[in-house]
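Okay, structure first, notes after.
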Amino acid sequence: MSRLELVDDRFGKLAEELRAGRPVASDELRARVSAFRPAPRRRFELDLSFRRLVPAVGIAALAAAVGVAGVLGIVHGSAPTHRAVAEATAVHRSTKGSLPRRPPARASAYAFSAVTSADALRATSGRLQQYDAVLRVRVSDQRELSKRTQEALRLTGKLGGYVVSARYAAPGKSGQAVLVLRVPVEHVQTAIAQFSGYGSLVAQQIVLKDLQRRVDDLGVRIGRLRAEIASIEHRLAGSLTPEQRTALEQRLQRDRNRVERLRKARSSSVGRAQLARVSLTMLVGPKPAAAPAGRFRRTIDDAGSVLLRELELLVYALVVAGPLLAIGGAGMLAGRSVRRRADRRLLERS
Amino acid sequence: MSPLRRISAVKPGARDFAEAAERHLDDVHAFLVYLTGDRNVAEELTSETFARACERWGRYDPRRGSARTWLCQLARSTALDHFRAEDRRRRREGRYALDVREPEDAVFGEGLSPALEGALARLSAAEREVLVLRVVLELDGESAARVLGISATACSTRLSRALQKLEREVSAGVAA
């Protein structure tokens, strides 16, 4: 930059004079300053200034987020798709007159799967459980649909079960058979294995519900009522006023009715536990059964989900911390402005 | 090249500091003379500025400005600390009015006319600092603005006002 640009022509002479007479440091000061030697720098010195630290931390956090998502994606992606969730554990109580004591087990279990029937849940041996299975199988053509429907009905009878409902329809080139079957629970695994082999298994859902506790509770209540009935009968055998006798007889009748209802409920529960309900849907269609997602696809999907979750958390953190950061930033800017103004006033006074 | 090595590569060494100190000592000294209006104080502050610069030389990044600009920033910060300390001392001792020094001869340079010397003495430190940076040290507008911590436009405005006032003061001094 030339001097003419720097200063207006009017001030040219003034500027020349100021420059010509510029103060010079004394020899003593020169000697003092030349004695200063900066400390030798370490070979690998990290400069942790704020301007460098912020992007470094940002990059590190981003790398960590992607790394965590990748690791979780790989871990989850390689895990099998079969999931079973135990919801509760029953506390088994057995009393006189009830069914034999059995070990406690899962009160209910849920499984959803698109894998082969070999993975299907089995009912716990020795416990009363309601077993519901839903199968969806794709068969090649209408002829196969008809053949497999008949086979399913025959197999159900052969295993000691029965058909609750059957619906068969084959319009045009498509077709569907919906069978609702009751199969003895000890043969349900065989039935499911057979049904799954009729074609491509599209979906399989099995629900297990523990009935043991309910049956045991009913047994306890029946036992109490029977004891009470025995007591009433004993009292009726003695001498009573007509009013007392009438009241006791009414109570006796009521208790007998209740015992009967409870016995029916218990029998119903036991019956439900003895026969599994299998809903089998067979369909014909051009679309092949969707293959389970590959490991790589699952890894990518899981990693994407984790990244999305991390993004959600980041947005949440920003929403929560944003106002505080804004206030802090505004405070810092205001502080800097105040300090600069104070410095300027100080220099104007000096 | 790793980030560590890259950072190390741009970091100035001890020899660079000695060179920078030798090259810019007069600039820093002149800046502080104008800022304080006192040669003795300016010498002390210059010494202190270079002591600080020596300590912080590892933090100096040539990519963010010249050594002269960085040293002037340090000098200004040192001078402000001095002014604050003086301000506190004056308030504490309550003798601000008694502490007004008699103007020395040739504070702001050798060979200046008495009118100009007097006019400079009557300017505030804020006015003198922009004058010395832009006129005496001939820093460009951006560098001077960086030293002062203001925008280049504000720096230009301050310079213009300071020169006008200086001219008025010189004229008044000559007339007197």
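Check A:Phe44, A:Phe11 and return the single one that is more than 30 Å from A:Leu218 (Cα to Cα) and at pLDDT 70 or above. Please lay out each step first, then the result.
On the way: A:Phe44 fails: at pLDDT 70 or above.
Answer to the selection: A:Phe11.
Sort through A:Gln205, A:Gln189 and tell me the only one that's touching a Lys or Arg at 6+ places or on another chain (Cβ under 8 Å), of a type outside the set (A, V, I, L, M) and within 27 Å of A:Gly271 (Cα to Cα).
Working: A:Gln205 fails: touching a Lys or Arg at 6+ places or on another chain (Cβ under 8 Å).
Among A:Gln205, A:Gln189, only A:Gln189 is touching a Lys or Arg at 6+ places or on another chain (Cβ under 8 Å), of a type outside the set (A, V, I, L, M) and within 27 Å of A:Gly271 (Cα to Cα).
What is the residue count in the stretch B:58-73 for residues that are surrounded by 19 or more Cβ atoms within 10 Å (Cβ to Cβ) and either in a loop (DSSP other than H, G, I, E, B) or without any contact (Cβ under 8 Å) to a residue 40 or more places away in the chain (or both)?
2
Check B:Arg95, B:Arg84, B:Arg90 and return the single one that is within 11 Å of another protein chain (Cβ to nearest Cβ) and at pLDDT below 85. Lay out the reasoning, then the answer.
Values: B:Arg95 fails: within 11 Å of another protein chain (Cβ to nearest Cβ); B:Arg84 fails: at pLDDT below 85.
None of the others qualify; the one that does is B:Arg90.
So which residues in the stretch A:315-347 are out of contact with any Asp or Glu (no Cβ under 8 Å at 6 or more places or on another chain) and either within 14 Å of chain B (Cβ to nearest Cβ) or in contact (Cβ under 8 Å) with a residue 24 or more places away in the chain (or both), if there are any at all?
To start, the set of residues in the stretch A:315-347 that are out of contact with any Asp or Glu (no Cβ under 8 Å at 6 or more places or on another chain) comprises A:315-345.
A:Leu333, A:Gly335, A:Arg336, A:Ser337, A:Val338, A:Arg339, A:Arg340, A:Arg341, A:Ala342, A:Asp343, A:Arg344, A:Arg345, listed by residue number.
Give just the number: which of (1) at pLDDT below 90; (2) within 11 Å of chain A (Cβ to nearest Cβ); (3) not in a helix (DSSP H, G or I) does B:Ser171 not satisfy?
(3)
Tell me yes or no: at least one residue of the stretch A:210-222 is within 30 Å of A:Thr156 (Cβ to Cβ) and assigned to a strand (DSSP E or B).
There is at least one residue in the stretch A:210-222 that is within 30 Å of A:Thr156 (Cβ to Cβ) and assigned to a strand (DSSP E or B).
So that you can scan it fast, the table gives a plain yes or no per residue for (1) more than 9 Å from chain A (Cβ to nearest Cβ); (2) at pLDDT 90 or above; (3) more than 25 Å from B:Asp81 (Cα to Cα):
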residue: B:Pro3; (1), (2), (3): no, no, yes
residue: B:Lys11; (1), (2), (3): no, no, yes
residue: B:Val33; (1), (2), (3): no, yes, no
residue: B:Asp38; (1), (2), (3): yes, no, no
residue: B:Thr46; (1), (2), (3): no, yes, no
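Suppose we filter the stretch A:184-212 for residues that are buried (at least 17 other Cβ atoms within 10 Å of the Cβ) and over 18 Å from A:Asp132 (Cα atoms); how many remain?
Residues in the stretch A:184-212 being buried (at least 17 other Cβ atoms within 10 Å of the Cβ) and over 18 Å from A:Asp132 (Cα atoms): 2 in total.
Is there a residue being touching a strand residue (DSSP E or B) at 6+ places or on another chain (Cβ under 7 Å) and either within 14 Å of another protein chain (Cβ to nearest Cβ) or within 30 Å of A:Leu211 (Cβ to Cβ) (or both) anywhere in the stretch A:282-303?
Checked the stretch A:282-303: at least one residue is touching a strand residue (DSSP E or B) at 6+ places or on another chain (Cβ under 7 Å) and either within 14 Å of another protein chain (Cβ to nearest Cβ) or within 30 Å of A:Leu211 (Cβ to Cβ) (or both).
Take the stretch A:168-183 and flag every residue that is surrounded by fewer than 17 Cβ atoms within 10 Å (Cβ to Cβ) and within 30 Å of A:Leu128 (Cβ to Cβ).
Those that are surrounded by fewer than 17 Cβ atoms within 10 Å (Cβ to Cβ) and within 30 Å of A:Leu128 (Cβ to Cβ): A:Val178, A:Val180.
Looking at the stretch B:108-140 only, could you name the residues that are over 13 Å from the mean Cα position of the chain (by Cα) and either more than 8 Å from every other protein chain (Cβ to nearest Cβ) or of a type in the set (A, V, I, L, M, F, W, C) (or both)?
Scanning the stretch B:108-140 gives B:Leu112, B:Pro114, B:Ala115, B:Leu116, B:Glu117, B:Gly118, B:Ala119, B:Leu120, B:Ala121, B:Arg122, B:Leu123.
Please go through the stretch B:119-142 and pick out each residue that is touching a residue at least 60 places away in the same chain (Cβ under 8 Å) and assigned to a helix (DSSP H, G or I).
First, pick out the residues of the stretch B:119-142 that are touching a residue at least 60 places away in the same chain (Cβ under 8 Å): B:120-121, B:125, B:128-129, B:131-133, B:136-137, B:139.
Across the stretch B:119-142, the qualifying residues are B:Leu120, B:Ala121, B:Ala125, B:Arg128, B:Glu129, B:Leu131, B:Val132, B:Leu133, B:Val136.
Taking A:Ala334, is it among the small types (Gly, Ala, Ser), outside the structural domain of A:Gly67 (by TED's automatic domain parsing) and loosely packed, with under 11 Cβ neighbours inside 10 Å? Before the answer, list the steps.
Values: among the small types (Gly, Ala, Ser): yes; outside the structural domain of A:Gly67 (by TED's automatic domain parsing): yes; loosely packed, with under 11 Cβ neighbours inside 10 Å: yes.
Considered against the rule, which asks whether it is among the small types (Gly, Ala, Ser), outside the structural domain of A:Gly67 (by TED's automatic domain parsing) and loosely packed, with under 11 Cβ neighbours inside 10 Å, A:Ala334 comes out as yes.
Those residues that are surrounded by 13 or more Cβ atoms within 10 Å (Cβ to Cβ), without any contact (Cβ under 8 Å) to a residue 24 or more places away in the chain and over 13 Å from B:Leu123 (Cα atoms), I need them from the stretch B:158-176; list them, please.
Scanning the stretch B:158-176 gives a single hit, B:Ser160.
The values are calculated or read from the model by the stated rules, or taken from the named source; none is laboratory data. These figures come from a predicted structure and were not determined experimentally. Cβ coordinates were reconstructed from backbone atoms using ideal geometry, including for glycine residues, and neighbour counts include every protein chain displayed.
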